[in-house]
Structures are given as C-alpha cells and as structure tokens.
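Participant: Structure incoming, see below.
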Amino acid sequence: MNTPEHLRYTKSHEWVLFAGDGTAKVGLTDHAQEALGDLVFVNLPEVGDALTCGETLGDVESVKAVSDIYSPVTGTVKAVNEDLLDAPESINADPYGAWLVEVEGITGQEELLDAAAYQALCAQED
Amino acid sequence: MERKTPLYDRHVALGGKIVPFAGYLLPVQYPAGVIAEHMAVRTAAGLFDVSHMGELVFTGPDALDNLNHLLTNDFTNMYDGQVRYSPMCNESGGCVDDLIVYKVREGVYLVVVNAANREKDAAWMAARLTGDCQMEDRSDSLAQVALQGPRAKEILLRLLPEETLPKKYYSFVREADVSGVPCLISRTGYTGELGYELYCANAGAEKLWDLLLEAGRDLGLLPCGLGARDTLRLEAAMPLYGHELTEDIGPLEAGLDFAVKLGKPDFVGKAGLEARLPLQRTRVGLEVTGRGIVREHQDIYIGDRLAGQTTSGTHAPFLGKAVAMAYLSPEDAALGTAVEVDVRGRRVPCKVVDLPFYKQ
C-alpha cells in the first residue's frame, strides 16, 4: 500500500493535499481503491458547491457496491476532475493522481492523519 | 460461524478476498478483480468454487412422483443423464427456491439447491414426502466447481477424452475420471456461457481445482469469485433467489413459464399460481440511459407515479453499461418505456429493454 508522505489522510480513507495558496485537492487513498475494487462510476459535486468537513461530497461505485466520499475540509468546490466521470478506473490505477475535487475558501478541516498514522490505521483495519 | 468449503485454503493462497456468503467463507474476488474475472469468462474461461450449493438425493420408487408434486416443472420424460431446472413454489405461488434436478436413473435423482435455502428446502421437502421415497442431504460431503467460458471444453479435453464429456446443454455424465478424481460433470452453469459444473467428493476437490487451473492457465483461465458470478448471471438475466424470486415473487412473474407446467396433476403451489393470473407484475430489464448505477430495492417512477422496484442491478462489465432487473405492471413493461429510478435521492433515467441483456 502506497501512502505518500506529503499528503494528509482521513480516517474514512480520503487524502488531502494542501497547496500554499489556501486551496486543497481531495482524493481517495490507495487503501480505499484496493478495498473498493474496480470502480465504475463517480458522482461528484459541482463547482461552487459548499462542502462541510465530515459530510459526503459524492460517492463512488464499484461493480459490487456504492461508497460515500467524505469531505476532509469545509470550503467551496473550485474545480472538479471531469476526466474521472468517463474514466473512474483511473482512481484504481493512480489513486494519488486521480484527484476528485479542488476546494477553496477553506475554513475548517477534519482531524487529519500523517502518513505514518494513516498506515497504522489501515494496518488495524486489515 | 461460517463454514469453509474444501477449497478455502486455495482461495486464501490465490489471494482471494474472503467474505461470508450464505453461511460460507468464499472469495468475492481474486487479485485480478471482478471486471477481469468477468471478462475472462466471456472471452476465455473462469473457474468458480460453488461447493456451498446444496445437494439433496432422492431415491425410491416414488421419487419421481414426489418431485412432480413438490416442483413446478415436469420430470416425467427425462432420460438418464438429463438435467432440468425448476422453481419450487409455496402454496401461494411464491418461490421456496429454484433448483436443478439431475436424473441419475429411475428412482434416483440429485437435486441441487441454493446454499442459503438448503436447510429450508430440506425441511420443506421432507415434510411433504409421500410413499416410498427417501431424501438424503449430501451437501457436506460434496464439492462443486464451475468451469465456464468459450474455452471451457478445450480445457476439459486436456484432462479427459471427448466421449466422457456431456454433449448436450443440460445433460451430465456420472463417473467421469478427471486425472484420478471421480466426478459428475454437467453442461450447466450460471454465467450465460458454455460451461460445465463438476461435482466430486470433498477429498478430491483441491486436486480437481489445481488440475483445472493448470490445464487452463495458458488459455486465459482465471479463478473467479462471487462478484463475477453475480455480474455474469445478471448480464445474462438469470434470476437469483432472494432478488428476482422470493417467497412473494413467483416464477410466472419472473417469466419462467417454461419451467411451470400448470397442465400436470395437482402440485404444491398450483392453485396459488393460477390465482395470480392475469399477472399484476412482470420481470423486466432496465438499461440506464442517464448517469449512474442502479442497485437492488430502488424505487422506479414513471412521472410521479411509483411503478415498481428493482431487484438486482450493476455495471455490466462485458456490455459496458449499467443494467438492472425489476418488476413492473404489464402495462408499464413495454420495451422502450422511459422510467426513472430513485438512486439514493437522485432520479436516474432508464428504459425498459429486452432480456437477456447478454446472449452468447
């Protein structure tokens, strides 16, 4: 399982990458895509939608089941990775490249884990 | 506490993701993943552990009469070595289970039932046996694997001669010898592809599994889990008990008329089946025309009117689109009818399409 050091992680298996300019990108972790299996559909919010940390921002569907994606931050959707709508399997292939949304105007965040703490959490769940 | 099939250690060794299913620990998928496993069955071959299925053996001079009384199909004109599908109805014309019957010879039949219903079925049937007929539950001593896909025959021919393979769809051979493992082999399956199901004693299961995997390795054979088993049967529009068939939903609504012989003498559920005519609902296929995946137990709307519910749904990997099965009134079931399915609060446009979604 790949857990890059420069990212922060939620207990619900999202990653977040804070840029220096007060924006952040959000995606699903390698552990999440592995557990979900082949992804075949992504339902994402729209640009301008308000996100609240700990609440759902969208969902992903594998062949077998649907899973909610929880927002690690409170803010406004600045951009959506439209490429994923036609190619959800990119999340399986490259979970840390396949960002879901970019968020701006961030005013709050979940309790976030560093790579080591997130690895420990995943080890407990396995 | 879930039981293990004789192949449990193989699944773990192959990296299978183990889940509890119908009282057994079984792989939902292997490392290749559900889509790759599904595609292997459509284009090459797949191997499934279906040892969880239940096997009931009926013996005695009155075995045939009992099966004809308990089940909706007619087993009178079967040859030795023939297989026949049948629903088993309750008194109201709903389904206790659906199953397949193997005629071994006069007075000896093997009945293969769904794992989740095995105990229910055995009790239901035992309570209704009449005359000289014994029923024995052999499930715990028999293993079963399914070899499915266009290259299934080629793989089996590497292990045994052609004359020992069942030729016709829904026929079987007993006492086949697969490199020392005695097997019953039938040309049956649950994937919509050419394929075989092989039954053997538990002790031979690992050897049989290894032989088949090895024989098919260079032909693209993959071990397949429950995930692909479900997407394959759904793409082929085969009903699954608990979804398209239930104690409430009967075989006529499901479109299984070919296996319901209302013309034969009285049988369990006959009056209930007749009382359901004309049918209030019928099984339909839905294809998602909007964006999203429709799943089971989701409400179907035509305009503001609640028109029915889905019973199964998924992304169909070979077809590359989202499909579902559902029940609608005959008036709403015309091909091309536009409907919307409530997918967790979001209305997803779908249309009624012909079944099966996929045909070999």
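None of the figures in this text is laboratory data; all of them are computed from the coordinates on show. Everything numeric in this text was worked out from a predicted model, so none of it was measured. All Cβ positions, glycine included, derive from the backbone under ideal geometry; neighbour counts span all protein chains shown.
Participant: If you keep only loop residues by DSSP, which GluC sites (Glu not before Pro) in the stretch B:291-360 have at most 16 other Cβ atoms within 10 Å of their Cβ?
Facilitator: none
Participant: Could you tell me the calculated FRET efficiency between residue B:136 and residue A:79, based on Cβ-Cβ distance and R0 = 60 angstrom, to the nearest 0.05?
Facilitator: 0.40
Participant: So, by mean Cβ neighbours within 10 angstrom, what's the order for B:65-77, B:27-39 with the highest one leading?
Facilitator: B:27-39, B:65-77
Participant: Place a label point 7 angstrom from the Cα of residue B:280 along the Cα-to-Cβ direction, then list the residues of the stretch B:60-100 whose backbone nitrogen is under 15 Å away.
Facilitator: B:92-95
Participant: Find which of B:211, A:106, B:319 sits farthest along the positive direction of the dipole of the protein assembly as shown, computed with +1 on the beta-carbon of Lys and Arg, -1 on that of Asp and Glu, about the Cα centre.
Facilitator: B:211
Participant: Another one. Roughly what would the spin-label model give for residue B:77 and residue B:351, points 7 Å off Cα along C-beta, in nm?
Facilitator: Inter-label distance under the simple model: 4.0 nm.
Participant: For residue B:328, enumerate residues with amide H under 5 Å from its amide H, sequence gap 5+ or separate chain, H modeled in the peptide plane.
Facilitator: The answer is B:282, B:284.
Participant: Pairs of alpha-carbon atoms within less than 8 angstrom and 6+ residues apart define the contacts here; what relative contact order does chain B have, in percent?
Facilitator: In percent, rounded to a whole number, it is 19.
Participant: Using 0.36 nm times the number of residues separating residue B:179 and residue B:304, minus their current alpha carbon distance, what extension gain do you get?
Facilitator: Stretched out fully, the residue B:179 to residue B:304 stretch lengthens by 38.8 nm.
Participant: Could you name the lysines in cross-link range of residue A:78, using Cα to Cα under 18 Å and dropping any fewer than eight places away on the same chain?
Facilitator: A:25
Participant: Let me ask another. Quote the charge dipole size of the protein assembly as shown about the Cα centre in Debye, to the nearest 20; the model charges only the Cβ of Lys and Arg (+1) and of Asp and Glu (-1).
Facilitator: It comes to approximately 1320 debye.
Participant: If you take the charge dipole of the stretch B:55-138 about its Cα centre, with +1 on Lys and Arg Cβ and -1 on Asp and Glu Cβ, which of B:130, B:101, B:64 is farthest toward its positive end?
Facilitator: B:101
Participant: I would also like to ask the following. Can you list the residues of the stretch A:3-36 with backbone N under 17 Å from a point 7 Å past the Cα of residue A:65, pointing along Cα to Cβ?
Facilitator: The answer is A:12-14, A:29, A:31-36, whose backbone nitrogens lie closer than 17 Å to the label point.
Participant: Using the alpha-carbon centroid of each, what span in Å lies between the stretch A:1-47 and the stretch B:97-168?
Facilitator: Between the Cα centre of the stretch A:1-47 and that of the stretch B:97-168, the gap is 47 Å.
Participant: Using the scaling law 2.2 N^0.38 Å as the reference, what is the normalised Cα Rg of chain B?
Facilitator: That ratio works out to 0.99.
Participant: By how many nm would the segment from residue B:108 to residue B:335 lengthen if fully extended, with 0.36 nm per residue of separation less the alpha-carbon distance?
Facilitator: The residue B:108-residue B:335 span can extend by a further 77.4 nm.
Participant: Here's a follow-up. Based only on other Cβ atoms within 10 Å, what is the fewest-to-most ordering of B:10, B:305, B:344?
Facilitator: With the fewest neighbours first, B:10, B:305, B:344 line up as B:305, B:344, B:10.
Participant: How long, wide and thick is chain A, going by the Cα atoms along their three principal axes, in whole angstroms, largest first?
Facilitator: 35, 33, 22
Participant: If you don't mind, another one. Return the average number of partner chain Cβ atoms within 10 angstrom of each residue Cβ along peptide A:36-43.
Facilitator: The per-residue average across the peptide is 5.
Participant: Follow-up. Could you work out Rg/(2.2 N^0.38 Å) for the stretch B:276-360, with Rg from alpha carbons only?
Facilitator: In units of the globular-protein estimate, the stretch B:276-360 measures up at 1.01.
Participant: Ignoring everything except DSSP H segments at least 4 long, calculate the 222 nm mean residue ellipticity for chain B; use -39,500 (n - 2.57) per segment, divide by total residues, nearest 500.
Facilitator: About -5000 deg cm²/dmol.
Participant: Oh, and also: Please compute the length gained on full extension between residue B:291 and residue B:124, using 0.36 nm multiplied by the number of residues separating them and subtracting their Cα-Cα distance.
Facilitator: Full extension from residue B:291 to residue B:124 adds 55.8 nm.
Participant: Which order, highest average first, do B:213-219, B:91-97, B:3-9 follow once you tally other Cβ atoms within 10 Å for each residue and take the mean per peptide?
Facilitator: Top to bottom by mean Cβ count within 10 Å: B:91-97, B:3-9, B:213-219.
Participant: Give, rounded to the nearest 20 debye, the magnitude of the charge dipole that the stretch B:280-353 has about its Cα centre when Lys and Arg contribute +1 at Cβ and Asp and Glu contribute -1 at Cβ.
Facilitator: 220
Participant: Dipole size in debye (nearest 20) for the stretch B:55-138 around its Cα centre, Lys and Arg Cβ +1, Asp and Glu Cβ -1?
Facilitator: Here the stretch B:55-138 has a charge dipole of around 140 debye.
Participant: Now for a separate question. Using the alpha carbon gyration tensor of the protein assembly as shown, what are the three equivalent-ellipsoid semi-axes (square root of 5 times each eigenvalue), largest first, in whole Å?
Facilitator: Whole-Å semi-axes of the equivalent ellipsoid: 45, 28, 18.
Participant: Another one. So which GluC sites (Glu not before Pro) in the stretch A:1-67 pass both tests, a DSSP loop state and at most 16 other Cβ atoms within 10 Å of the Cβ?
Facilitator: A:5, A:46, A:55
Participant: Would you mind checking the pairs B:17/B:359; B:321/B:359; B:4/B:103 and listing those with alpha carbons more than 18 angstrom apart?
Facilitator: B:17/B:359; B:4/B:103
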